[in-house]
Amino acid sequence: MLIIPAVDIKNGKCVRLLQGKMDAETVFSDNPIEMAQQWVDQGAKRLHIVDLDGAIKKTAHHAGLISKLLQSISVPIQVGGGIRDINTIDMYIQMGVDAVILGTEAKKNPDFVRESCEQFPGKIIVGIDAVNGRVAIEGWTETTEMKAIDLAKTFEDYGVCAINFTDIQRDGMRSGVNIEQTVNLAKAVSIPIVASGGVASLDDIRSLLPYESIGIVGIITGRALYEGTLDLKQAIQIAGIQFWQY
């Protein structure tokens with residue numbers, strides 16, 4: 001199972017939010033590139049990069065910074081935040097990004113996901129963020145009536161390489177992963193699932209490992225790493241060989 005450190009970028013800095021609230025941020029570094037390198041040095045085989053400003057502004061706001069990051073590190077990265085059109089996807093892929101994450105646009109325009117998968121096979125991840133099992137969009141500022149599982153099923157045959165599933169209420173709270181909803185999602189679709197939101201300690205890694213066989217292939221973690229309640233090297237050791245790629 002992959003352990004994927006998150007590097008969230010806001011105002012050019014590496015931050016973590018509480019429950020996705022843009023005004024509830026903690027700055028952990030003025031240099032996201034150095035922070036990304038720190039996780040690579042500790043054994044990370046993949047990084048999760050989020051352009052938080054892009055998610056709100058609906059554009060690739062930090063593309064320049066992400067380009068510099070790519071030139072500095074040696075592992076694949078996946079990027080989300082503000083990706084709303086084919087040109088932006090193409091820009092990131094040409095830049096060297098391994099996969100892009102479609103969130104709001106995936107909910108609003110599923111045909112865009114299908115088109116993206118056809119044009120960039122193996123490069124499209126769908127990010128499904130939920131509050132009480134309902135999909136949230138627009139940088140987590142709007143909750144819809146659609147169930148996360150129903151949205152996931154929409155993409156079953158599109159060629160999506162993975163779904164990142166985040167329980168927003170747990171994100172940044174270190175309250176534990178929502179095992180039940182994550183497992184239910186993995187059982188409902190054949191698309192690989194990456195869990196996110198609420199990771200607090202090594203116990204969260206251990207609790208998800210039994211479900212690797214049903215398609216939970218990775219865990220994204222942020223605040224727990226930054227605040228030291230989760231040791232990345234130990235998490236990787238418990239999770240096993242980091243061989244799985246999208």
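The values are calculated or read from the model by the stated rules, or taken from the named source; none is laboratory data. These numbers come from a predicted model, not from an experiment. Note: ideal-geometry Cβ built from the backbone for every residue, glycine included; neighbour counts use all protein chains shown. Just so you know, the surface numbers come from the protein's heavy atoms only, side chains and all, with ligands and any DNA or RNA stripped out. Shrake-Rupley method; radii C 1.70, N 1.55, O 1.52, S 1.80 Å.
Miscellaneous remarks
- Amide hydrogen neighbours beyond the local backbone of Leu102, cut-off 5 Å, H modeled: Ile125, Val126, Gly127
- The phi-based Karplus calculation (6.51 cos²θ - 1.76 cosθ + 1.60; θ = phi - 60°) puts the 3J(HN,Hα) values of the stretch 100-112 at 10, 10, 9, x, 4, 5, 5, 6, 6, 9, x, 4, 5 Hz, whole numbers, x for Gly and Pro.
- Matching label, semi-axes √(5λ) of the Cα gyration tensor in Å computed from the structure shown, candidates (1) 25, 21, 17; (2) 34, 20, 15; (3) 22, 21, 18: (3)
- Whole-percent carbon and sulfur share, accessible surface of the chain, 1.4 Å: 45 percent
- Cα-Cα over 26 Å, subset of Lys57/Lys233; Lys13/Lys58; Lys57/Lys107; Lys45/Lys123; Lys107/Lys233; Lys57/Lys123: Lys57/Lys233; Lys107/Lys233
- Protection proxy ranking for 204-213, 98-107, using the average of other Cβ atoms within 10 Å per residue and placing the highest first: 98-107, 204-213.
- Residues whose placed amide H lies under 5 Å from that of Thr166, excluding near-sequence neighbours: Ile128, Asp129, Ala130
- In order along the stretch 75-83, the Karplus-derived 3J(HN,Hα) couplings, from 6.51 cos²θ - 1.76 cosθ + 1.60 at θ = phi - 60°, round to 10, x, 10, 10, 10, x, x, x, 8 Hz, and Gly and Pro are given as x.
- Dipole moment magnitude, nearest 20 debye, the chain about Cα centre, only Lys, Arg, Asp, Glu C-beta charged: 180 debye
- Asp150-Ser207 FRET efficiency (beta carbon distance; Förster radius 25 Å; 0.05 resolution): 0.45
- For the chain, accessible area per residue (1.4 Å probe, heavy atoms of protein chains only), Å²: 40 Å²
- Shape category assigned to the stretch 1-121 from the gyration tensor of Cα positions, a/c cut at 1.5: oblate
- In order along the stretch 216-232, the Karplus-derived 3J(HN,Hα) couplings, from 6.51 cos²θ - 1.76 cosθ + 1.60 at θ = phi - 60°, round to 8, 9, x, 9, 8, 9, x, 4, 4, 5, 5, 9, x, 7, 10, 8, 4 Hz, and Gly and Pro are given as x.
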